[in-house]
Amino acid sequence: MIARTTPIAHMLAARNPNWTADGERTVVRDFGDPGRERAAVADLALADLSTRPRLGLKGINLAALLARQGLAVPGKLFAVEPFGQGGLIARLGKEEFLLEAGSAESLLASLREALAREADAFLIEREDACFLLAGERRGAVFAQTCGYNFAEYPGGVVFTRVAGVSCMLLEWPLNGRPAWRIGCAPSYGPYLWEALREITVDCGGMAVGQDALALNVPPSSS
Amino acid sequence: MSRRLAPQPGEWIDRNRPVTFRFEGRPYSGFAGDTITSALWAAGVRVLGRSFKYHRPRGLYGLDGSDSNAMFETRDVVNIRGDRAPIEEGMDLRAVNTFGGVERDRLRIMNRFGRFTPVGFYYKAFHRPRSLFPFFENQIRRVAGLGTVNSGKALRHTPKDYAFCDVLVIGAGPAGLAAALAAADAGARVLLVDESPRLGGSLTWHGNLDDSRDRLADALRRVEAHQRIQTRTATCVAGLYADGWAALIDRLRLTKLRARAVIVATGVFEQPAVFPHNDLPGVMFAGAAQRLIHHYAVLPAERPVILTANDEGYRAALALRKAGAEVVAVVDTRPEGDSPAAALLKREGINLLAGRFIARARPAGGLAGIRGVELCRVDERGLPRIEQRAEQLACDAVVMSVGWTPNDTLLRMVGTRMEYSAEREQFLPVELPGGVFAAGKVNGLVGLEDRWADGLHAGQAAASALGFGAAPGGSRPAPAGPAINHPYPVSDPDEGKNFVDLDEDLQVKDFRNAIQEGFNSPELLKRYSTVGMGPSQGKHANLMALRVLAKERGEPLAGKQITTARPFSTPVALGHLAGRIFTPYRHTPAHAFHTERGARMMFAGTWLRPEYYEVVGKTREACIQEEALHVRGSVGLIDVGTLGKMELGGPDAVRFLERIYTGRFDNLKVGASRYGVACDESGVVIDDGVVARLGPNRFYVSTTTSGADAIYREWQRWALCWGLKVILNNATAHWGAMNLAGPRARQVLQPLVDISLAAADFPYMGVRECRLDGVPARVLRVGFVGELGYEIHVPAGHALGVWNRLMEAGRAADVRPFGVEAQRLLRLEKGHIIVSQDTDGLTQPFEAGLGWAVKMDKPFFIGQRSLKIHQRRPLKRTLVGFQTDEARPRTMPRENHLIIEGKEMIGRVTSIAYSPTLKRTIGLAYLPPSMTAPDTRFTIRADGGELVPARICRIPFYDPAGERQRMTTPEEDAR
């Protein structure tokens, strides 16, 4: 079986990271400095979440269809509900949903199988590039890249532009700390990653691997 | 000689942090917090720069961010404003616009030629002969100007950011502080911005005569403690727009701020007195002298004369006296009075000469300063009577306080109506746009209590307009008391240069001449004289220019307007505007392979694609031709991931496609695909692609690379307009795609997929969903390059793996990657068009040879009505194939070269290349229909005007029967 890779695999590889397997996926464990990376998550850090399995859905009467599958379906446009452990289901349109598996990849796979049999469901491959911008100073990076007024964030998914690319933003606290997911078309992933990484580094942050995200980082003394 | 004073209360310098720097090659030192100007003035340097045109010595003048003659440059940074820029350790500064240094500027001789170079002289002197104008223009630009940009300096990214607030308060003087506190107390999020490095405005330098300092300290404590107030100092609001968008400029960046309401509390700019030699070092504003003392602890002058038309001059005199200066006299244009300020002055023993003006200043040697002034009497309005000479005073400086003008540029920018008040002798805002408020001195208020109350009122009004708190009760304070502005502080004798605009070296007589020549309105006067076009944007000159204009025309000032205010109000470095450059680009999933394999990448829209794969020792053309030959002879793999990829579903999917495309799709079988052409309403070809039917109501459609996003938007629009039940999805980036093409393609692909690729099972133009080494794939049998070909689409995350797998599996068959240029050559050999290369913004399908793909008998498709009209008319041009007479013309024609008959242009080339397979140069071109018969001859005008003979050929040039793209196996042939 050919492994699925992140759209920014070549950008990550250029920084000689330590890779690790996460299910069928290969992800960056760390960039060689796990201690600093863990600390950066509380301050300012950028991580790649692109390889998480996703599924897009368009169709007719999808909310009812998903509810029949036992899912908590977001009622409002752009609202988000949890999907399994660490996953999410976001309502992107009246009849459009995005599902992302957290640790329960098999749940998504079985759902995909079940929905494939439904005539009214149109299954869509979602290969989005997805990054996590975490830390107390994440606003410094957004200030340079995004014209959205985060003070007026109503919750859920926000469509806006980041560094000139159409993106989907979602606040996604990490271990209780503020963090934002930034999703875009995978083809723009390499550009957006590099733009965000450069600004993150300029602002004193850094790119981090998955190990840093998994840890429960103690609150910063500052 | 050091002019540094003993520590002053509230001074801005940090005496524990000395800073050393160089100016004009000499070492100097100052303290952290010093500006360049204050540090140099403290070190006794009087000549800080040279003037724009006459190269006259200039010094400190306003110390308010608008000293355009005290500008400096380092190796990398140009036009540094010395009165704002802090000194930095190791700075190596030069004055701008000198030839041989600021002291010995060789162009100081220009001062003697003033009478030959009046304003606008170059318009008259150098426009004939016209051919020589560029020469003179160059010379003028060299002589007059500002700093020199070092284009070789290292690229420095300047960040550019976004910010938001409820209420933006511009100016942190007493009115601004009060407004910020009032708005924040009401519940609004406030951003308080000031151009100075510290908050407080005039409170920071008015501290010696009243309770300003205590009031400031209290206000700052409250501002700092307020949760809803953010402050930005050393930040200039350079642009303000009516929708609350403000451009904030600080040392590093441009901030694009969106505010829901704006309070402009920007205060005032002092205005100069005009008298001969009023530009020389030592002549300065009273505010400048006081800021120098209180902010930087620097003595402005040893023996100054104060020229004033208001009590502010008295304040300056007292401050100077207290700092240790010997104040020679206070020259007051008003008659002698008995105000408390006058009494205070007398108590201090300062000589007050009332009812006088400065007729002229006496310059020191080399124009390096002032050595005295000659006074004259004034009339009952305070206007100078220069024929009535009075005292002569020896002094080393003239400190002026003859009036102010509101710093109203931002107010004007957003559409505020300002009117001149003859009573106050200044402009005042009379009508503000919604969401914009003004407070403090900009409203003509003078007294501290009035300004504070006005700020509170504005803050409450702005907050309540946004729904925070109640509207302010009572009315705003109104300007009261005697006017503080002199109506015409000008001494204009026949000799000596008296400057109105120090930026542009404009004297009173320059305006008089311009007006006499007919440039007699503010806008015309500005354009002819360039008043207000310098670095200070006329902050010290515009009002005076208007006063001169009114006087010369014998008209009142009331009713007149200064010129339109446009962003930016202050010079902004281009680097700030450029900021960090965001130029998004797109990678296909196989990008890493291409770069590792040595591909020369090219942009196709925002996509990066392999143009060709470089081979050491071979030319570009050779590489491309070898790639093409390899596809013809063996098998090649090209990344076509950039193709637009649309998914369609729903019960009306077929009806939708029937309307979008010119061809017929209701009869397309599941598992088959068909070429589709899309037109706009005028019948112009806008896109093409392959429509593949995956299920009864499920389609997968490719579009052109550049058209994908626009096509998807159009499709969404049409789906809504038509009310069809169709599901649309732009899958372009989410699916990778590659085309495996060549006679050995089947051999490479068959072992990897779980379907039969035999021609009988998977014929030409078929489509199959299958697994490729476990990965879900959509495979289309297409023939764009004219060989057996499989276009393989897989989810983007697997595409690189699939690509590598194909390369690996095809090793035995010698599979090689090929780039965009080889593909363009291969498709040209087949006569396949590329939309937007072989079509243009007017091409309809019948001209492009696509009539076969247009089914006019359908009930409807976009563009059908227009095409029916086209059908009734004769064609004007037709796309045809051609070959050049010479296999390889000496001058190779290129795309868009014209086809010429006699002197007429009769067509143009759209595609052309040398075909290594056919061993001749072939192409596509538009020609009149009368010239499309095979072997018709014509000429192409190539580069350099060379005419290249060619003749019409039938297309396809290669494999006209299409046998190779339908290729069957020997076994199938046998069957």
Shape parameters for segment B:453-527, alpha-carbon atoms, Rg then Dmax in Å: 21.9, 61
When the convex hull of its Cα atoms is projected in every direction, mean area for segment B:496-645 (nm²): 18.5 nm²
Chain A - Rg over Rh from alpha carbon coordinates, Kirkwood radius: 0.96
Projected-area average for segment B:2-81 over all orientations - Cα convex hull basis, square nanometres: 6.0 nm²
³J(HN,Hα), Karplus 6.51/-1.76/1.60, whole Hz, each residue of segment B:924-939, x for Gly, Pro: 10, 8, 8, 9, x, x, 5, 10, 9, 5, x, 6, 4, 9, 7, 10
Kirkwood Rh in Å, taken over all unlike Cα pairs in segment A:54-125: 11.8 Å
Exercise: per-residue mean of other protein chain Cβ atoms within 10 Å, B:792-800: 6
Packing-based exposure ordering (other Cβ within 10 Å, fewest first) of B:PHE113, B:PHE99, A:PHE97, B:PHE126: B:PHE113, B:PHE99, B:PHE126, A:PHE97
Segment A:1-33: trypsin sites (Lys or Arg not before Pro) in DSSP coil with no more than 16 other Cβ atoms inside 10 Å: A:ARG15
Gain in span if fully extended, B:THR595 to B:ARG258, counting 0.36 nm per residue against the direct Cα distance: 117.1 nm
In nm, spacing of pseudo-spin labels at B:LEU577 and B:LEU875 (7 Å Cα→C-beta vector): 4.9 nm
Under 15 Å from B:LYS509, Cα to Cα: aspartates and glutamates that are on another chain or at least 8 residues apart: B:ASP492, B:ASP494, B:GLU495, B:ASP501, B:GLU517, B:GLU552
Paired Rg and Dmax values of segment A:1-109, which use every Cα atom, in angstrom: 16.7, 49
Hull shadow area, averaged, the protein assembly as shown [alpha-carbon convex hull, nm²]: 55.6 nm²
Bins of 5 Å from zero: percent of alpha-carbon pairs in segment B:873-975: 3, 12, 22, 21, 14, 9, 6, 5, 4, 2, 1, 0
Compactness of chain B as Cα Rg over 2.2 N^0.38 Å, two decimals: 1.29
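In segment B:234-393, how does Rg compare with the Kirkwood Rh, expressed as the Rg/Rh ratio over alpha carbon atoms?
Reported Rg/Rh (Cα atoms, Kirkwood Rh): 1.09.
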Partner chain coverage, peptide B:730-742 - average Cβ within 10 angstrom: 3
Where only C-alpha atoms are counted, convex hull volume of segment B:813-949 per residue in Å³: 156 Å³
Under-5 Å amide H pairs with B:THR921, H placed in peptide plane, nonlocal only: B:THR884, B:SER915
D_trans [Stokes-Einstein, Kirkwood Rh over alpha-carbon pairs] for segment B:639-711, 20 °C, 1.002 mPa s, µm² s⁻¹: 173 µm²/s
Förster radius 41 Å - calculated FRET efficiency between A:ALA109 and A:ALA14 (Cβ-Cβ, nearest 0.05): 0.80
Residues A:SER166 and B:ALA422, FRET efficiency given R0 of 35 Å [Cβ-Cβ distance, rounded to 0.05]: 0.05
Residues whose placed amide H lies under 5 Å from that of B:VAL398, excluding near-sequence neighbours: B:VAL283, B:MET284, B:VAL305
Proxy reagent accessibility, fewest Cβ within 10 Å first, across B:CYS953, B:CYS395: B:CYS953, B:CYS395
Hits among aspartates and glutamates - C-alpha to C-alpha of B:LYS876 under 18 Å, sequence gap 8 or more where chains match: B:ASP838, B:ASP840, B:GLU847, B:GLU901, B:GLU904
Debye log10 I(q)/I(0) for segment B:509-577, one point scatterer per Cα, at q = 0.11, 0.13, 0.15 Å⁻¹: -0.28, -0.38, -0.49
Residue order, fewest to most surrounding Cβ atoms within 10 angstrom, among B:SER529, B:SER131: B:SER131, B:SER529
Radius of gyration and maximum dimension Dmax of segment B:403-509, Cα, Å: 17.6, 61
Kirkwood-Stokes translational diffusion coefficient of segment B:183-258, alpha-carbon pairs, 25 °C, 0.890 mPa s, µm²/s: 178 µm²/s
Among A:PHE78, A:ALA67, A:LEU115 - extreme Cα towards positive end, dipole of chain A, charges at beta-carbon: A:ALA67
Cut-off under 5 Å, modelled amide H: who pairs with B:VAL298 long-range: B:LEU5, B:ILE293
Cα gyration tensor of segment B:656-762 - equivalent ellipsoid semi-axes, whole Å, descending: 29, 16, 14
When each of A:LYS76/B:LYS725; A:LYS94/B:LYS669; B:LYS53/B:LYS124 is checked by Cα-Cα distance, pairs over 27 Å: A:LYS94/B:LYS669
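Stick to the Cα atoms of segment A:79-188, pair each with every other, and give me the Kirkwood hydrodynamic radius in Å at one decimal.
Working: mean 1/r = 0.0657 Å⁻¹.
Roughly 15.2 Å, rounded to one decimal.
Each reported figure results from applying straightforward, stated rules to the coordinates on display, with no laboratory input. These figures come from a predicted structure and were not determined experimentally. Reconstructed Cβ throughout: ideal geometry from the backbone, glycine too, with neighbour counts over all protein chains shown.
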